[in-house]
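The values are calculated or read from the model by the stated rules, or taken from the named source; none is laboratory data. Everything numeric in this text was worked out from a predicted model, so none of it was measured. In this analysis, Cβ positions are derived from the backbone assuming ideal geometry, glycine residues included, and neighbour counts consider all displayed protein chains. Keep in mind that these areas ignore ligands, DNA and RNA; they rest on the heavy atoms of the full protein, side chains included. Shrake-Rupley method; radii C 1.70, N 1.55, O 1.52, S 1.80 Å.
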Amino acid sequence: MLERKGIIINQQFMKFFFPTILMAMALSLSTVIDGIIVGNILGPDALAAVNLVLPITLLFNSVYVLIGVGGSTLYSVALGKRQKERARELFTVSVLTMIFTAIVICLLGLYACGPLAKALTVHARDLTELVFDYLRVVMLASPFLILVPGLVYFLRSTGEVKLASFVLIAANVINLTLDLIFVVLLESGIGGAALATGCGYFVGLLIALGGVARAKELRFCGLPGHVFSMLKNIMGTGLPLTINTALNFFRLTCVNAIVSVYLGSDGVTAFSVCTSCLSIVSMFVGGSAQTMIPLLGTFYGEQDLSGVRFTIRKAVAITVSASLILLVIFEAIPSTITGLFGVNDPHQVAIAAQALRIYAISLPFMGFLFISMCVYQVVGYQNLSSLVALLEGFAIVVPAAFLLARIMGAAGIWIAFPAGELLTILLLLLFVRQKQKKNPGAKGIFLLEENPNRQVMEVTLPREETQAALLSGQAMDFCRKRGVDPVTSHMAAVAVEEMTVNTIQSRETGGKNRFIDVRLTLEEGRISMIFKDNGYPFDPFQETDLRQFGNLAVAEAVTSGIRYDYILGMNCTIVTIDRKGD
């Protein structure tokens, strides 16, 4: 008997993963590049100043995560449900909201630069001037730092993942080039590093707007009458990751304060190495999660729970594996890693090496929790996702760092990170168990629910015409055993065979893309079928001969409706048959 396998989903995941890794890498690189160049050219004090401003940039991140990730996630679900008008409305509301918010932040930030610089350096007054010089330029660039990633998330949700990654790569290549010009050649100091970042992201914005203009799915429309309700849904969906991002601001600020009390500016420098290494890990964790979200949203919108499970498994496997590999590297050569950031003073290296070795233990747990937050965000458990974000982002780590520092000294600060991640996982398991008691239909740690009123036959078959007859017989048996009348069962079997043969004959494919996913679902009053393949885009309804004389013509004769979509790099043909006996 034919059965569903994750071949196509795995292929699509890996097809999107590497460009998305580059996208996540580019998102993190502005901080890493500034850290490396500033640390090596301008010295440890300048590196510490960049790290002190990092919480402010995390607030920018929280805006594009709240609106950009929230809106693009709902956009993917809407595409999965084939609600294209709602998808356009979500895009319009999200982009306009990001523009308005970015302008407000820029104006308020420029006005409050001085007080902010003093507040960030309350325990390190020798860094106040450096922080001010860096911060005022960052505030000026804030609209670009918010809008570019927000637009990139929507480009990614349409399947334009290569373009999305190119936008951020281009922005950061320009950032790196201008860093060398401004900081090294023109000797413009720490402000030059921030200016390079702003210029890079301005160019990225121009490229992103060009991509939006070319993308057929990304079209602005009039504001819907329920704009505030829609904005509430967007923000509710993006809230868990926003909490995580925003609380990282408070976590970094609080931990920086605790570190400066116990270790002074040397400790702040050591912690800046840890946060820069976290940026490296986030490239892989974020890349895996951001690959997962549009696929997960589309499959969830289609109520394809097998597709949801295959996607989650792939994301978890990649995230945990990458985190473990980086953990081994950080444990093996912490002094070498520290030296990459221009930290060469023996005392500072000793502090940073100890911090990195302990801090790195938290990375695999952090990766798993981040994937969990993203899954709960998509499948409707936003409250649980927000709770994980709250616990992991601030509520456990900061109090633990404060208490353990008083008990164990500086080492206790670093121990708080792995201890906090482990405790968060234990609490998550308890909350999941409570959810399952209230809803026995929710299965596994991700609480995926089967719809008892939907009976599904799903298979993956190679692109061979001999498989079509086998699938037809299996579809007939499936329908008859579940009470579908003989006429409708026969029509379903014919439609399955003809559409499968049509898919095999009409679409060219190459390499490993030689499989088709078929889902047949018994619904009240009708049977629906979805045929998916990841070959080259091909709309059969544009071929007159196929519609008049081919397998598609036979399928149209026995079905109630057929339509075609190209979503996330997959050809999707949706077929419906009215149940005659109902």
What does the accessible area per residue of the chain come to in Å², with a 1.4 Å probe and no ligands, DNA or RNA counted? 39 Å²
18 Å Cα-Cα reach of Lys84 towards lysines, excluding residues that sit fewer than 8 places from it in its own chain: Lys216
Around Asp345: net Lys/Arg minus Asp/Glu count, Cβ-Cβ under 15 Å: -2
May I ask you to list the aspartates and glutamates whose Cα is less than 13 Å away from that of Lys532, ignoring any residue fewer than eight positions away on the same chain? Glu302, Asp304, Glu458, Asp517, Asp565
Enumerate the amide H contacts of Glu523 below 5 Å, restricted to partners 5 or more residues apart or on another chain; note that Pro and chain-start residues carry no placed amide H. Ser528
Determine which lysines satisfy two conditions relative to Lys435: a Cα distance under 19 Å, and not lying fewer than 8 residues away in the same chain. Lys443
Stretch Ala213-Val487 to full length: gain in nm at 0.36 nm per residue minus the Cα-Cα span? 93.9 nm
So how compact is segment 397-464: Cα radius of gyration and Dmax in angstrom? 21.3, 68
Between segment 247-287 and segment 419-458, what is the separation of their alpha carbon centroids in Å? 32 Å
With a 1.4 angstrom probe the carbon and sulfur portion of accessible area for segment 106-264, in percent, totals 71 percent
Can you give me the distance in nm between label points at Leu427 and Val227, each placed 7 Å from the Cα along the Cα-to-Cβ direction? 3.8 nm
Compute the relative contact order of the chain as a whole-number percentage, counting only Cα pairs closer than 8 Å that sit 6 or more residues apart in sequence. 17 percent
Using a 7 Å offset from Cα along Cα-Cβ at Glu524, what residues in segment 553-582 end up with backbone N under 15 Å from the label point? 579, 582
Computed from the beta carbon distance with a Förster radius of 56 Å, FRET efficiency for Ile333 and Lys118 to the nearest 0.05 stands at 0.90
Where the accessible area of segment 406-446 is counted over protein heavy atoms with a 1.4 Å probe, how much of it, in %, is carbon and sulfur? 66 percent
Could you give the length gained on full extension between Tyr566 and Phe18, defined as 0.36 nm per residue of separation minus the Cα-Cα distance, in nm? 195.2 nm
Using the Kirkwood radius over Cα pairs, work out the Stokes-Einstein diffusion coefficient for segment 231-366 at 25 °C and 0.890 mPa s, in µm²/s as a whole number. 146 µm²/s
For Phe100 and Arg357, calculate 0.36 nm times their separation in residues minus their Cα-Cα distance, and state this gained length in nm to one decimal. 88.3 nm
For percent of Cα pairs over 44 Å apart the list reads (1) 24; (2) 64; (3) 44; the calculated value is entry (1)
Tell me, what ³J(HN,Hα) does each residue in segment 160-177 have, in order and in whole Hz, if you take phi through Karplus 6.51 cos²θ - 1.76 cosθ + 1.60 with θ = phi - 60° and put x for Gly and Pro? 7, 6, 5, 5, 4, 5, 5, 4, 6, 5, 4, 4, 7, 5, 5, 4, 4, 4
Taking R0 as 22 Å and r as the Cβ-Cβ distance between Lys435 and Arg313, the FRET efficiency 1/(1 + (r/R0)^6), rounded to the nearest 0.05, comes to 0.60
